[in-house]
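Peer 1: Encoded as structure tokens, here's the structure I'll be asking about.
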Amino acid sequence: MNSTERHILIYDYKHYGVLDIREAFEKKGFQIDIFSRPLKDNLKDSEFEQALEQALSVCLPKFMFSFNFYPVISNICKKKGIPYVCWVYDSPLVSLYSYTVINDNNYIFLFDSEQYNDLRRKGISTVYYLPLAVNVDRLSRYRSGEGKYSCDISFVGSMYDEEKHALYKRLYQGLSEYARGYLDGVIQIQKNIYGTSVLEAAITPEILQAMQEALCVTVNPDGVETPAYTYANYFLARRVTELERREVLERLGKLGQFKLYTRNWLLQLPEIVNMGPVDYYNDMPYIFKNSKINLNITLRSIVSGIPLRVFDIMGCGGFVLTNYQQDMFEYFVPEEDFVFYSDLDELSDQCKFLLKHEDIRKKIAGNGYEKVKKYHTFDIRVEEILNTIKI
């Protein structure tokens, strides 16, 4: 098949960042076509497959691109002889353990170095490490001074107490007292450890059997992920994150005006102003620009990677206070570009100090902004992608 040399087909269905990466590809002279259709099943969806084959036949792209990895897209692209390029920003993403990751037309870019190294150690040659990015030019069009977003401390993100995330609570109901105590203990241990995950290794055969009897999970028929992986990353990691985020808010709400932006409108915590959900493009930049301290509390299934939230905050010129994430130290300097904490006491002390020292906050926020503007834009990442795929 002869591809149209400067065409790219991008799959976009409620993905963050599509506007930004589209702009970056267009700056490189590519013409972008968008394929937007809901996908019922990552592995097989006949209507989706038929529509995608037709779209590929019409635009004949140099390659197809998506955020996150979709086995069904990989297979269709392979069938049509078209390279499939994807950039993962979700974690966990169980589709990465599909056998289709080894399709030789794949170029899978991962933002978490620990996950990248793990898959490489397993012999997967189609994965590459690529941190996430930010569109500084777009964010520069938003201005500070929006009063309704002004506050001392803000946090934007899920509290993982919504019904769809309540997997651990459902599992818990069917567990024995011993299994409950064991898993609660593992969760408390993980809550106090950053930089590594002990969750999957802590699931012994006995505990795994108890979990499967309480709430059975099935692995994908074409995947190599284990039930222990699924329980660790979809059940336990989210429970750790839920508990950690609630404890952080309860501790910091006493230090100043704290605004929470989350999907759960009904959540009430002492001293916390629940502002409800916000739009990623239209509202979030104003929050980051008008908060004295922007918190990043990483979802615990992200072991080492820099979450998208960090880049978004820095790209707005906002101040970042984050939990320890190893990959941060590869690209940014602590106390110069950002500030991190290793436990709740340190977090509380950092907030007390930083709220009193506006000059330090502004200097660090300015350094972080200049760093992402110089090294971590979508334009730079697209250049890295194109240099890697060489197609």
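Peer 1: May I ask you to say which residue of ASP118, ASP90 is acidic (Asp, Glu), assigned to a loop (DSSP other than H, G, I, E, B), surrounded by 14 or more Cβ atoms within 10 Å (Cβ to Cβ) and free of Cβ contacts under 8 Å to residues at least 24 places away in the same chain?
Peer 2: One residue alone meets the criteria, ASP90.
Peer 1: For TYR178, state whether it is assigned to a helix (DSSP H, G or I) and surrounded by 19 or more Cβ atoms within 10 Å (Cβ to Cβ).
Peer 2: Answer is no for this residue.
Peer 1: Only residues that are open to solvent by less than 10 Å² (accessible area, probe 1.4 Å) and either aliphatic (A, V, I, L, M) or touching a strand residue (DSSP E or B) at 6+ places or on another chain (Cβ under 7 Å) (or both): list them for region 292-305, please.
Peer 2: Once the filter is applied, which keeps residues that are open to solvent by less than 10 Å² (accessible area, probe 1.4 Å) and either aliphatic (A, V, I, L, M) or touching a strand residue (DSSP E or B) at 6+ places or on another chain (Cβ under 7 Å) (or both), region 292-305 yields ILE293, ASN294, LEU295, ASN296, ILE297, THR298.
Peer 1: Against the definition (open to solvent by 40 Å² or more (accessible area, probe 1.4 Å) and part of a helix (DSSP H, G or I)), how does LYS79 come out, yes or no?
Peer 2: Spelling it out, LYS79 is indeed open to solvent by 40 Å² or more (accessible area, probe 1.4 Å) and part of a helix (DSSP H, G or I).
Peer 1: For residues in region 99-118 being touching a strand residue (DSSP E or B) at 6+ places or on another chain (Cβ under 7 Å) and of a type in the set (Val, Ile, Thr), which is farthest from LYS78 (Cα to Cα)?
Peer 2: Filtering region 99-118 for residues that are touching a strand residue (DSSP E or B) at 6+ places or on another chain (Cβ under 7 Å) and of a type in the set (Val, Ile, Thr), the one farthest from LYS78 (Cα to Cα) comes out as ILE108.
Peer 1: Among the residues that make up region 261-273, is at least one of them touching a residue at least 24 places away in the same chain (Cβ under 8 Å), touching a Phe, Trp or Tyr at 6+ places or on another chain (Cβ under 8 Å), in a helix (DSSP H, G or I) and surrounded by 17 or more Cβ atoms within 10 Å (Cβ to Cβ)?
Peer 2: No: region 261-273 contains no residue that is touching a residue at least 24 places away in the same chain (Cβ under 8 Å), touching a Phe, Trp or Tyr at 6+ places or on another chain (Cβ under 8 Å), in a helix (DSSP H, G or I) and surrounded by 17 or more Cβ atoms within 10 Å (Cβ to Cβ).
Peer 1: Evaluate the following for LEU308: is it within 25 Å of LEU167 (Cβ to Cβ), open to solvent by 10 Å² or more (accessible area, probe 1.4 Å) and at pLDDT 95 or above?
Peer 2: yes
Peer 1: Could you list all residues from region 313-335 that are acidic (Asp, Glu) and assigned to a loop (DSSP other than H, G, I, E, B)?
Peer 2: Result: ASP327, GLU335.
The values are calculated or read from the model by the stated rules, or taken from the named source; none is laboratory data. Because the structure is a prediction, the values reported are computed rather than measured. Neighbour counts are summed over all protein chains in view; Cβ atoms, including those assigned to glycine, are modelled from backbone coordinates with ideal geometry. We work out accessible area using only protein heavy atoms, side chains counted, and drop any ligands, DNA or RNA first. Shrake-Rupley method; radii C 1.70, N 1.55, O 1.52, S 1.80 Å.
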